[in-house]
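What follows is a single structure, written as structure tokens, with notes after it.
Only the coordinates and a few stated rules stand behind these numbers; no lab work does. Every value quoted in this text rests on a predicted model; they were computed, and no experiment measured them. Cβ coordinates were reconstructed from backbone atoms using ideal geometry, including for glycine residues, and neighbour counts include every protein chain displayed.
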Amino acid sequence: MTALDLVRIMRANLKLLVLAALIGTLLAAGYTLTRPTLYSASSTAQVIAGNSIDANSAVLSQQLSTGRAGYYAQLASSSGVANRIAEESKGSLRAGEFSVVGVSGEGSATLTLTASAATPAKAQRAADLARTALADEAKYLETVGTEAKTSVYRVFPLTAAARPSAPSSPNWMRNLMAGAAIGLLAGIVLVVLRKQLDSRIRHTSEVEKLTGSGVLGVIPKAPTLQSRRRGGLGELGTTAEAFRMLRTNLRYISTERPPRSLVITSAMQSEGKSTVAANLARVLSAAGQSVVLVDTDLRRPTVHETFDLENLVGLTEVLTGQAPLASAIQQGDHKNLAVITSGRVPPNPSELLGSRRMSAVIEALGEEYFVVLDAPPLLPVTDAGLLAVAADGAAVVYQHGRTHREQVGLCAKILEQVGAHYYGSILNMTPPKQMGSTIYGYGAGNYGGATYGYGYGSSEDPSAATAPTPSPEVRDLTLTEGRSSADLPGKEDAARLRQPAPQAPTPPEPATAVRAPSAPSRARASEASGPNVAPHGRQSGEAPSPQGPRTRRARRRADLGE
């Protein structure tokens with residue numbers, strides 16, 4: 001991790017760092033309140049060694065005094081000096097009511113004696129008495145056990161102590177600043193550890209690195225997407241622009257072979273794949289493209305609730321041959337949007353979705369629509385992998401701050417193993433304030449089969465023996481049933497696009513302006529244009545088609561409005 005990464009992490013977690021500094025300041029304030037109030041007074045003394053009779057003696061005396069001053073500074077805080085101060089105070093001071101600390105300057109024989117007590121008077125009295133008490137204690141220690149009555153070293157008082165006017169302890173400013181610094185340091189360590197240990201995805205660069213594919217869109221978290229209708233045209237607000245960006249990226253993801261069927265799945269449950277599928281179908285239809293949304297989540301279907309549609313006849317009935325495909329198509333909440341609900345929830349959804357009939361359904365729908373398949377999550381069950389192979393490819397939805405890196409890598413591996421095309425990823429439920437850091441940088445849970453319908457686990461269903469099997473017939477997979485494809489749900493704009501453009505009326509020519517071409521001129525024009533070329537590029541003798549282009553490629557271009 002570089003220093004720039006550390007700065008970005010701190011900036012992204014600025015609120016947490018401020019909170020940590022505030023907590024450290026409060027703890028320091030609490031500690032300071034428990035400390036007693038003390039006053040400090042200081043006096044000075046001089047250490048002298050021997051007599052200075054001549055210059056050499058003076059130099060030697062100064063060296064001995066300087067060396068001895070450090071020892072006497074430590075002696076000042078001894079219990080012997082404290083007892084002598086208490087004796088000399090005549091009862092005004094008792095041992096334990098004060099403390100004395102001695103300090104000697106470097107290269108100096110001067111001692112600074114600082115006494116601390118609960119009142120200014122006691123502090124001043126203790127500092128003054130500390131000079132004589134230290135001299136007596138030093139003399140006693142230097143001559144104890146000898147017959148000498150004097151010592152080479154002596155302590156002479158220099159300055160008396162002044163009475164303090166303000167307490168010296170506790171030092172509020174110093175303690176609060178130290179607490180804030182310690183709290184801030186602890187916060188930095190916390191956010192760095194959390195960043196290093198957190199395996200959840202929060203940036204598009206992480207998803208691209210794990211999957212090897214780009215991120216098609218970043219969807220912000222919005223209250224309207226969490227409603228029963230999961231948004232809707234005109235209700236998305238600023239979130240609609242994110243879905244339009246997703247639509248644009250899908251259109252230009254493959255210019256040579258644009259997809260006609262797309263599986264929308266996710267890694268785990270409740271990551272918003274149904275919401276993304278519904279609103280992607282809506283914005284595609286709003287752009288004038290015929291779209292069909294198919295609920296292939298046969299374990300926990302939600303599309304019929306999102307669009308408030310009947311779910312009596314749906315995909316299950318089509319796959320089992322109980323109903324023709326055309327009867328399962330319903331009109332969505334946009335004139336260009338058709339919906340196929342799930343139908344009855346079967347006990348064997350994997351067998352139905354992996355059948356040849358399901359591939360035929362996708363192929364038949366792709367002739368008239370852009371197919372969006374709302375599939376189950378990838379990791380718990382195999383349904384989405386089967387559908388991704390039958391369709392042109394898949395896009396996987398991951399939830400910001402919830403999906404783990406291991407899950408993202410496993411989804412890409414599953415699609416690669418089955419040979420499905422991984423078009424890209426969609427990062428969903430991104431906090432609006434983190435949109436910038438999610439896109440540009442700093443800034444493995446269990447799926448649980450019991451929480452997702454009845455069959456997303458690996459347990460065997462007792463009703464599997466009597467489960468319906470996919471119908472082998474594909475002849476009933478027709479959308480028109482003898483009628484025009486313009487009559488299908490979600491084909492209003494497509495029919496309008498197929499209608500030939502009306503010819504503009506030719507203005508009357510003035511009689512005197514232009515003369516009609518002569519017969520030789522008309523003959524030369526006919527020879528230049530060729531004998532078999534009819535107006536508007538048709539071969540001579542070919543009647544114009546009232547239904548527009550008939551080839552699949554032409555119909556796709558017409559659906560896209562090209």
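Tabulated data
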item: Bins of 5 Å, starting at 0 and running to the largest distance - Cα pair percent for segment 99-214; result: 2, 8, 11, 10, 10, 9, 7, 6, 5, 5, 4, 5, 4, 4, 4, 3, 2, 1, 0, 0
item: Net lengthening on full extension, Thr248/Lys413 (0.36 nm per residue, minus Cα-Cα); result: 56.8 nm
item: With eigenvalues of the C-alpha gyration tensor scaled by 5 and rooted, segment 160-240, Å; result: 55, 21, 9
item: Per DSSP, loop GluC sites (Glu not before Pro) in segment 315-383 with at most 11 further Cβ within 10 Å; result: none
item: 12 Å beta-carbon shell around Gly343, net charge (K/R +1, D/E -1); result: -3
item: Stretch gain in nm, segment Arg405-Arg194, where the contour uses 0.36 nm per residue and the Cα spacing is subtracted; result: 74.5 nm
item: Positive minus negative residues near Tyr39 (Lys, Arg vs Asp, Glu; Cβ under 13 Å); result: +2
item: Sequence of Ile9, Ile426, Ile201 once ranked by neighbouring C-beta atoms within 10 Å, starting from the fewest; result: Ile9, Ile201, Ile426
item: Using θ = phi - 60° and Karplus 6.51 cos²θ - 1.76 cosθ + 1.60, couplings along segment 179-190 (whole Hz; Gly, Pro as x); result: x, 5, 5, 5, x, 5, 4, 5, x, 5, 4, 5
item: Cβ charges +1 (Lys, Arg) and -1 (Asp, Glu), total dipole of segment 1-151, debye; result: 720
item: Amide proton proximity set for Ser266, modelled H, under 5 Å, gap of 5+; result: Leu378, Val397
item: Potential extension, Thr150-Glu88 segment - 0.36 nm per residue separation minus Cα distance; result: 20.2 nm
item: Listed residues Gly105, Ala45, Gly67: farthest to the positive end of the dipole of segment 39-159 (Cβ charges); result: Ala45
item: Only Lys, Arg (+1) and Asp, Glu (-1) charged, at Cβ; segment 255-407 dipole about Cα centre in debye; result: 220
item: Percent breakdown of C-alpha pair distances by 10 Å bin, ordered from the shortest bin, for segment 12-52; result: 20, 20, 18, 15, 13, 10, 4, 0
item: Highest-first arrangement of 31-42, 272-283, where packing means the average Cβ count within 10 Å; result: 272-283, 31-42
item: Enclosed volume per residue, in Å³, of the convex hull spanned by Cα atoms of segment 39-159; result: 101
item: Principal axes of segment 145-286: Cα extent on each, largest first, Å; result: 113, 35, 27
item: Computed Rg/Rh of segment 137-180, alpha carbon atoms with Kirkwood Rh; result: 1.38
item: Phi to ³J(HN,Hα) by Karplus 6.51 cos²θ - 1.76 cosθ + 1.60 over segment 371-385, Hz, x for Gly, Pro; result: 9, 10, 10, 7, 9, x, x, 6, 6, x, 9, 9, 4, 5, x
item: Percentage relative contact order, segment 39-159, counting C-alpha pairs under 8 Å, at least six apart; result: 38
item: Label-to-label distance, nm, for residues given as Ser169 and Gln63 (7 Å Cα→Cβ offset); result: 3.8
item: Cα Rg, Dmax (largest Cα-Cα span) when computed across segment 292-350, Å; result: 10.6, 34
item: Net charge of Cβ neighbours under 15 Å - reference Asp5; Lys, Arg +1; Asp, Glu -1; result: +3
